[in-house]
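The block underneath contains the structure these notes are about, expressed in structure tokens.
The values are calculated or read from the model by the stated rules, or taken from the named source; none is laboratory data. In this text the structure is predicted, and so the values were computed from the model without any measurement. When we count neighbours, we look across all protein chains shown, and the Cβ atoms used for this are built from the backbone with ideal geometry, even at glycine. Side chains included, ligands, DNA and RNA excluded: accessible areas come from the protein's heavy atoms. Shrake-Rupley method; radii C 1.70, N 1.55, O 1.52, S 1.80 Å.
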Amino acid sequence: MDHAKRIGVYPGSFDPVTFGHFDIIRRACANVVDYLFVVVAVNTEKNPFFSLKEREKLLHQGILGLGLENQVEIYPLDGLLVDFARAHQAKIIIRGLRAVSDFDYEFQMAGMNNKLEPAIETVFLTASDHCQFISSRMVREIALLRGDISHFADQHVVKAIKQKMQKKEDE
Ligand code: ADP
């Protein structure tokens with residue numbers, strides 16, 4: 001059966017991108033969508049640890065590492081997600097679900113997005129066993145306390161965090 005290409009968007013702040021995010025991207029591309037826009041929030045609630053450009057670059061390096069550069073494109077998100085999705089013919093929003101604590105927020109957001117654009121469905125992928133406990137916030141906190149983050153994020157992130165900390169010390 002011939003079917004139209006399934007296009008998805010995976011939004012997040014990715015500050016920084018972790019193995020948890022890459023796991024979702026890999027599985028979404030393998031099992032859910034033909035093409036995926038990873039969209040990086042320009043306005044995060046707090047001051048981001050990494051700038052938009054840095055977050056995009058770290059994502060890009062990881063996507064190359066996964067060999068998914070032909071299936072994934074990275075974009076900044078400076079408006080409503082559903083507007084971005086509509087403009088890019090995407091009908092699926094991909095989100096990752098970890099613990100129960102993710103649920104309330106994710107449920108609410110999926111409901112709001114569905115009201116804004118009923119033609120777009122949110123699809124949740126549950127975190128893989130080895131990624132259940134990984135969050136960007138924890139990675140940042142561990143890094144600031146000089147802990148080893150290499151279990152949670154790739155070598156590019158490890159390097160970028162080291163450089164940023166060094167720069168802060170030099171200031
Ligand atoms: P975080 O929630 O860690 O600050 P983001 O806002 O960038 O990260 O998250 C983007 C999406 O990725 C959200 O749907 C979030 O639930 C999901 N996600 C984040 N970390 C993981 C993980 N370890 N496993 C599965 N999904 C995750």
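Only one of the numbered conditions (1) assigned to a loop (DSSP other than H, G, I, E, B); (2) under 15 Å from the mean Cα position of the chain (by Cα); (3) more than 12 Å from the ligand (Cβ to nearest atom) is not met by Pro16, and that is (3). Tell me, yes or no, whether region 63-83 has at least one residue that is assigned to a helix (DSSP H, G or I), open to solvent by less than 90 Å² (accessible area, probe 1.4 Å), within 16 Å of the ligand (Cβ to nearest atom) and touching a Pro at 6+ places or on another chain (Cβ under 8 Å). Yes; the residues of region 63-83 include at least one that is assigned to a helix (DSSP H, G or I), open to solvent by less than 90 Å² (accessible area, probe 1.4 Å), within 16 Å of the ligand (Cβ to nearest atom) and touching a Pro at 6+ places or on another chain (Cβ under 8 Å). Regarding region 41-50, can at least one residue be identified that is among the hydrophobic types (A, V, I, L, M, F, W, C), over 22 Å from Ala110 (Cα atoms) and within 15 Å of the ligand (Cβ to nearest atom)? The answer is yes; a qualifying residue exists. A single member of Leu145, Leu116 is surrounded by fewer than 16 Cβ atoms within 10 Å (Cβ to Cβ) and modelled with pLDDT of 95 or more, and it is Leu116. On the basis of being out of contact with any helix residue (DSSP H, G or I) (no Cβ under 7 Å at 6 or more places or on another chain) and among the hydrophobic types (A, V, I, L, M, F, W, C), does Leu58 make the cut? Taking the combined requirement at face value, the residue does not satisfy it. Taken over region 98-111, the residue count meeting the criterion of being among the hydrophobic types (A, V, I, L, M, F, W, C) and in a loop (DSSP other than H, G, I, E, B) is 1. When Phe22, Phe49, Phe37 are checked against the criterion of being buried (at least 18 other Cβ atoms within 10 Å of the Cβ) and in a helix (DSSP H, G or I), Phe22 stands alone in meeting it. When region 92-135 is limited to residues that are within 14 Å of the chain's Cα centre (by Cα) and of a type in the set (Gly, Ala, Ser), the one that is farthest from Gly79 (Cα to Cα) turns out to be Ala127.
What are the residues in region 3-13 that are of a type in the set (A, V, I, L, M, F, W, C), out of contact with any helix residue (DSSP H, G or I) (no Cβ under 6 Å at 6 or more places or on another chain) and in a strand (DSSP E or B), if any? Step through it out loud before you land on a result.
Going through region 3-13, the residues of a type in the set (A, V, I, L, M, F, W, C) turn out to be 4, 7, 9.
Checking which are out of contact with any helix residue (DSSP H, G or I) (no Cβ under 6 Å at 6 or more places or on another chain) leaves us with 4, 7.
If the condition is that a residue be of a type in the set (A, V, I, L, M, F, W, C), out of contact with any helix residue (DSSP H, G or I) (no Cβ under 6 Å at 6 or more places or on another chain) and in a strand (DSSP E or B), then Ile7 is the only one that fits.
Just one residue in the set Arg146, Arg95 is in contact with a strand residue (DSSP E or B) (Cβ under 9 Å, 6 or more places away or on another chain) and either aromatic (Phe, Trp, Tyr) or not in a helix (DSSP H, G or I) (or both); that residue is Arg95. The residue pairs whose first member lies in region 110-128 and is within 17 Å of Phe84 (Cβ to Cβ), whose second member is open to solvent by 90 Å² or more (accessible area, probe 1.4 Å), and whose beta carbons are closer than 9 Å, counting only pairs six or more residues apart or on different chains, are Ala110/Glu121; Asn114/Glu121; Glu117/Arg86; Ala119/Arg86; Ala119/Lys91; Ile120/Arg86; Ile120/Lys91; Glu121/Lys91. Taken over region 25-34, the criterion of being out of contact with any helix residue (DSSP H, G or I) (no Cβ under 9 Å at 6 or more places or on another chain) and open to solvent by 10 Å² or more (accessible area, probe 1.4 Å) is satisfied by Arg27, Ala30, Asn31, Val32, Asp34.
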